[in-house]
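Here is the structure we will look at.
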Amino acid sequence: MDLKIEVDEQAGAAVIRLQGEVDVYTAPKLKSTLVDLVDKGNFKIIVNLEKVDFMDSSGLGVLVGGLKRVRSHEGAIGLVCTQENILKIFRITGLVKVFPIFEEEGAAVEGI
């Protein structure tokens, strides 16, 4: 399956909405999007994972890499996710302590 990426702005934050699978094949597309946003001065980023069906370690690596980029500019990345199968990956890896995870975009924009 492919990965669809939509980028929007909401209250000063860049919002990336993903749909599909984030894996070894599609992760470079997400990485490119994150790098482009940071290069354009977006350091407050929300990644909406609500329509992500699957994520592997490649996807996690891209998110961690993106977080390092924005943190070097005093920024943050917040995630929107309520799907148990995706949340489980963040719990198992301990990334729930690294990324703030919200149930909706509005709360994420206000929370980071």
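The values are calculated or read from the model by the stated rules, or taken from the named source; none is laboratory data. For clarity, every value in this text was computed on a predicted model and none was experimentally measured. Every residue, glycine among them, receives a Cβ derived from its backbone with ideal geometry; neighbour counts consider all protein chains shown.
Below is a table of values for the structure above.
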{"read-out": "Breaking point among (1) among the acidic types (Asp, Glu); (2) closer than 21 Å to Gly106 by Cα; (3) surrounded by fewer than 15 Cβ atoms within 10 Å (Cβ to Cβ), for Glu50", "value": "(3)"}
{"read-out": "Those residues of segment 66-107 which are surrounded by 14 or more Cβ atoms within 10 Å (Cβ to Cβ), in a helix (DSSP H, G or I) and either under 11 Å from the mean Cα position of the chain (by Cα) or among the hydroxyl-bearing types (Ser, Thr, Tyr) (or both), in sequence order", "value": "Gly66, Leu67"}
{"read-out": "Given (1) at positive phi; (2) assigned to a helix (DSSP H, G or I), index of the condition Gly41 fails", "value": "(2)"}
{"read-out": "Lone unmet requirement of (1) touching a Leu at 6+ places or on another chain (Cβ under 6 Å); (2) part of a strand (DSSP E or B) for Lys51", "value": "(1)"}
{"read-out": "Residue, surrounded by the fewest Cβ atoms within 10 Å (Cβ to Cβ), within segment 1-28, restricted to residues that are outside any strand (DSSP E or B) and either of a type in the set (Val, Ile, Thr) or over 14 Å from the mean Cα position of the chain (by Cα) (or both)", "value": "Gly12"}
{"read-out": "Selection status of Lys31, exposed (fewer than 13 other Cβ atoms within 10 Å of the Cβ), modelled with pLDDT of 95 or more and assigned to a helix (DSSP H, G or I)", "value": "no"}
{"read-out": "Pairs, first on the phi < 0 side of the Ramachandran plot in segment 11-24, second loosely packed, with under 15 Cβ neighbours inside 10 Å and not in a strand (DSSP E or B), C-beta under 7 Å, six or more apart", "value": "Glu21/Met1"}
